[in-house]
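No value in this document is a laboratory result; all are computed from the given coordinates. On a predicted model such as this, the values are computed, not experimentally measured, just so you know.
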């Protein structure tokens with residue numbers, strides 16, 4: 001097993017032997033790269049949770065002046081593009 005800060009590289013055999021420890025490392029924020037015959041094939045890491053935003057947070061994103069080139073950019077879009085789910 002090789003350590004690079006919060007990144008660890010380990011072979012498949014070591015993963016089988018040390019699964020609990022590697023999962024604990026991932027839970028703590030480490031990324032564990034799994035190799036097979038020296039080739040990187042997978043990563044084990046912490047779950048990335050989606051965080052809901054409050055309305056006030058979203059409004060803050062849109063505060064300020066609109067993009068002055070928006071209409072020109074919109075009109076430059078190929079109008080033959082269609083929503084594939086409305087067929």
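Here are some notes:
- Taking the DSSP bridge list for the chain and keeping only pairs wholly inside it, about 60 percent are antiparallel.
- From its DSSP helices (H runs of at least four residues, each -39,500 (n - 2.57)), the chain gives a residue-normalised ellipticity at 222 nm of -8500 deg cm²/dmol.
- For the chain, a Gaussian network of Cα nodes joined below 10 Å ranks 29, 38, 64 by mean-square fluctuation, and the top entry is 64.
- Put simply, the chain fits an ellipsoid with semi-axes of 45, 21, 14 Å; these come from the alpha carbon gyration tensor as the roots of five times its eigenvalues, largest first.
- Beta bridge orientation in region 2-44: antiparallel %, DSSP, nearest 5: 60 percent
- Relative contact order, percent, region 2-44 [alpha-carbon distance under 8 Å, six or more residues apart]: 39 percent
- Based on the Stokes-Einstein relation at 37 °C and a viscosity of 0.692 mPa s, and on the Kirkwood radius from alpha carbon pairs, region 2-44 is assigned a translational diffusion coefficient of 326 µm²/s.
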